[in-house]
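S.K.: Structure in structure tokens, see below.
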């Protein structure tokens with residue numbers, strides 16, 4: 001009986017130990033999953049807040065016609081209206097510069113940092129080199145942690161911009177926020193990518209000029225600007241100039257119409273078209289035409 005009792009106790013000890021081990025593994029896995037979910041929720045909430053603010057970004061002044069003031073792979077800045085506080089003198093719209101950047105100083109725990117700066121008409125955004133920025137910018141507020149876009153030497157942009165062919169900030173119409181989150185960097189399988197998109201509703205993009213000229217009869221030149229367009233669908237105004245020889249420094253010969261009808265002596269002329277949108281943005285194109 002004693003032997004049987006001892007054997008039973010040994011078996012119970014083994015079963016109990018195995019049960020405790022399984023329970024411990026379960027608790028560790030459960031805690032890790034909980035922390036991972038909490039980290040993802042933090043990044044998702046920060047992305048949602050940034051998306052909402054980007055959609056309400058505004059043009060500060062005509063010196064910066066677009067909604068964005070900075071657009072890199074790991075930082076962006078824009079102007080927004082503050083909904084609280086009394087507007088200061090010279091800033092009746094109560095505007096403020098807002099900058100987001102990814103602090104990658106610790107690749108295994110990168111931080112999404114938010115800062116603000118005072119808006120002053122005509123001065124543009126304060127200089128911002130690093131992340132967080134110094135100088136006129138406020139103390140950094142950390143919106144999310146446990147981001148790993150650059151872990152292991154990787155170079156995965158946090159911010160992408162559309163159209164991909166943009167060359168000026170005013171060309172950008174959409175921002176993609178692409179953050180990789182992981183609170184357990186020892187296990188790469190737990191990494192999660194969180195993507196959101198914000199369309200810039202208050203963008204004023206530069207119009208695109210386009211025209212063609214045709215010689216019709218002796219000394220007669222007709223030009224049509226029907227190929228011109230505004231990316232935002234606004235109505236354009238037109239101004240024409242002719243130059244012999246180029247560059248075109250002559251005063252406009254016609255304005256307001258998308259069609260130019262000139263009677264000239266035979267020769268080669270450089271015709272220049274300038275288009276403008278209601279926001280004051282302009283663009284110019286020119287082309288040579290020969291009249292017999």
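The values are calculated or read from the model by the stated rules, or taken from the named source; none is laboratory data. Fair warning: this is a prediction, and the values are worked out from it, not measured in the lab. FYI the Cβ positions are ideal-geometry reconstructions off the backbone, even for glycines, and counts take in every protein chain you see.
S.K.: Going by the conditions given, is residue 226 surrounded by 15 or more Cβ atoms within 10 Å (Cβ to Cβ), over 23 Å from the mean Cα position of the chain (by Cα) and closer than 25 Å to residue 278 by Cα?
M.R.: Numbers: surrounded by 15 or more Cβ atoms within 10 Å (Cβ to Cβ): no; over 23 Å from the mean Cα position of the chain (by Cα): yes; closer than 25 Å to residue 278 by Cα: yes.
Considered against the rule, which asks whether it is surrounded by 15 or more Cβ atoms within 10 Å (Cβ to Cβ), over 23 Å from the mean Cα position of the chain (by Cα) and closer than 25 Å to residue 278 by Cα, residue 226 comes out as no.
S.K.: Residue 80: farther than 25 Å from residue 191 by Cβ, crowded, with 17+ Cβ neighbours inside 10 Å and in contact with a strand residue (DSSP E or B) (Cβ under 6 Å, 6 or more places away or on another chain), yes or no? It would help to see each step written out before you state the result.
M.R.: Values: farther than 25 Å from residue 191 by Cβ: yes; crowded, with 17+ Cβ neighbours inside 10 Å: yes; in contact with a strand residue (DSSP E or B) (Cβ under 6 Å, 6 or more places away or on another chain): yes.
It is true that residue 80 is farther than 25 Å from residue 191 by Cβ, crowded, with 17+ Cβ neighbours inside 10 Å and in contact with a strand residue (DSSP E or B) (Cβ under 6 Å, 6 or more places away or on another chain).
S.K.: Here's another thing I want to ask about it. Quick check: anything in the stretch 68-90 modelled with pLDDT under 95, closer than 19 Å to residue 161 by Cβ and part of a loop (DSSP other than H, G, I, E, B)?
M.R.: Scanning the stretch 68-90, I find no residue that is modelled with pLDDT under 95, closer than 19 Å to residue 161 by Cβ and part of a loop (DSSP other than H, G, I, E, B), so the answer is no.
S.K.: Among the numbered criteria (1) within 17 Å of the chain's Cα centre (by Cα); (2) surrounded by fewer than 17 Cβ atoms within 10 Å (Cβ to Cβ), which single criterion is violated by residue 97?
M.R.: Of the numbered conditions (1) within 17 Å of the chain's Cα centre (by Cα); (2) surrounded by fewer than 17 Cβ atoms within 10 Å (Cβ to Cβ), the odd one out for residue 97 is (2).
S.K.: While we're on this one: For the stretch 97-113, give me each residue that is assigned to a strand (DSSP E or B) and farther than 18 Å from residue 157 by Cβ. Break it down stepwise before answering.
M.R.: To start, the set of residues in the stretch 97-113 that are assigned to a strand (DSSP E or B) comprises 97-103, 110-113.
Answer for the stretch 97-113, where residues must be assigned to a strand (DSSP E or B) and farther than 18 Å from residue 157 by Cβ: 97, 98.
S.K.: Checking residue 157 against (1) in contact with a strand residue (DSSP E or B) (Cβ under 8 Å, 6 or more places away or on another chain); (2) surrounded by 13 or more Cβ atoms within 10 Å (Cβ to Cβ); (3) within 27 Å of residue 81 (Cβ to Cβ), only one condition comes out false. Which one?
M.R.: Condition not satisfied by residue 157: (3).
S.K.: Which residue out of 146, 109 is at negative phi and in the same structural domain as residue 45 (by TED's automatic domain parsing)?
M.R.: On the way: 146 fails: at negative phi.
Unique residue meeting the criteria: 109.
S.K.: Right, next: Is it the case that residue 132 is at pLDDT below 95 and either touching a helix residue (DSSP H, G or I) at 6+ places or on another chain (Cβ under 9 Å) or assigned by TED's automatic domain parsing to the domain that holds residue 47 (or both)? It would help to see each step written out before you state the result.
M.R.: On the way: at pLDDT below 95: no; either touching a helix residue (DSSP H, G or I) at 6+ places or on another chain (Cβ under 9 Å) or assigned by TED's automatic domain parsing to the domain that holds residue 47 (or both): yes.
In short, no.
S.K.: Among the candidates 162, 179, single out the residue that is touching a strand residue (DSSP E or B) at 6+ places or on another chain (Cβ under 7 Å), touching a residue at least 24 places away in the same chain (Cβ under 8 Å) and not assigned by TED's automatic domain parsing to the domain that holds residue 278.
M.R.: The conditions single out 179.
S.K.: Right, next: Which of the strands (runs of 3 or more DSSP E) found entirely inside the stretch 170-284 contain at least 1 residues meeting this: farther than 30 Å from residue 77 by Cα and modelled with pLDDT of 80 or more? If you could, list the steps in order and put the result at the bottom.
M.R.: Values: elements: 174-181, 192-199, 212-215, 220-224, 237-243, 259-263, 267-276.
Qualifying strands (runs of 3 or more DSSP E): 212-215, 220-224, 237-243, 259-263, 267-276.
S.K.: Would you confirm whether any residue within the stretch 206-228 is within 30 Å of residue 261 (Cβ to Cβ), in contact with a helix residue (DSSP H, G or I) (Cβ under 8 Å, 6 or more places away or on another chain) and in contact (Cβ under 8 Å) with a residue 40 or more places away in the chain?
M.R.: Step one: filter the stretch 206-228 for residues within 30 Å of residue 261 (Cβ to Cβ), giving 206-228.
Add one more test, that the residue is in contact with a helix residue (DSSP H, G or I) (Cβ under 8 Å, 6 or more places away or on another chain), and what stays is 206.
If we keep only those that are in contact (Cβ under 8 Å) with a residue 40 or more places away in the chain too, we end up with 206.
Taking every residue of the stretch 206-228 in turn, at least one turns out to be within 30 Å of residue 261 (Cβ to Cβ), in contact with a helix residue (DSSP H, G or I) (Cβ under 8 Å, 6 or more places away or on another chain) and in contact (Cβ under 8 Å) with a residue 40 or more places away in the chain.
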